[in-house]
Amino acid sequence: MRQLAPFTLFTVLIIFFAIGLTKNPRLIPSPLIGKPLPLHQLVELQTPSNVIHTNNLKGENFVLNVWASWCGACLEEHSTLMNLADSQDVLIVGLNYKDNRSEAKHWLGENGNPYSQIWFDPAGEFGMELGVYGVPETFFVNQDGIIAYKHVGPLNRTVIASALALLDTSENAPL
């Protein structure tokens, strides 16, 4: 019977790993889906004297993109954000996360600025409230200030189209 225990443990582990491999790592559930964007007060990246409240955008749908100048994947998705900004389909707000102000401003100067506002979160406090654990992450927030969808990783046109459709519906079901 003692010799059967290691084999049983090995079999159970294989089953758990096999189940895990069938899951999509980009589909990370967020407890904030269907809930209001947390209330927070932040300063603007470009103009530190401007204080921004996260509930100031109530009344319009917006995309909250969490990014940093040190993030390679943020550069990968940047052209998609620039195209979205050019289309003017939705307001794009940036959350500059755990970054250096001057490096972030330099990065935007080199790569372009798709954001209508950029909230500066150097210590990652607001990011922690959002459940951010890495960048880029993007939240799609409806006009009532409710988070309709969260995407982990670089954005693409398909994700944006599906998530924007969620903003236009009253039912905020996951993609």
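Length gained on full extension, E44 to N156: 37.7 nm, using 0.36 nm per residue less the C-alpha separation.
Electrostatic tally near A163: other residues with Cβ closer than 12 Å to its Cβ, Lys and Arg +1, Asp and Glu -1, net 0.
Can you tell me the FRET efficiency between I14 and D168 if r is taken as the Cβ-Cβ distance and R0 is 35 Å, rounded to the nearest 0.05?
0.20
The modelled label-to-label distance between Y133 and E110, using points 7 Å beyond Cα along the C-beta direction, is 3.0 nm. Sequence-distant contacts, meaning Cα pairs under 8 Å at least 6 residues apart, place the relative contact order of the stretch 28-167 at 33 percent. Were the residues from N56 through S79 laid out at 0.36 nm apart, the gain over their Cα-Cα distance would be 5.6 nm.
When the alpha carbon gyration tensor of the stretch 28-167 is reduced to an equivalent ellipsoid, the three semi-axes, largest first, read 20, 18, 14 Å. Find out how many positive minus negative residues lie around N83, taking Lys and Arg as positive, Asp and Glu as negative, among other residues whose Cβ is under 11 Å from that of N83. After counting each charged neighbour, the total is -2. Between the alpha-carbon centres of the stretch 115-144 and the stretch 40-69 there is a gap of 8 Å. Listed by Cβ neighbour count within 10 Å, with the fewest neighbours leading, K105, K150, K35 appear as K35, K105, K150.
Coordinate-derived values only; no laboratory data. Just so it is clear, the model here is predicted, and its values are computed rather than measured. Cβ sites come from the backbone with ideal geometry, for glycine too, and all protein chains shown count toward neighbours.
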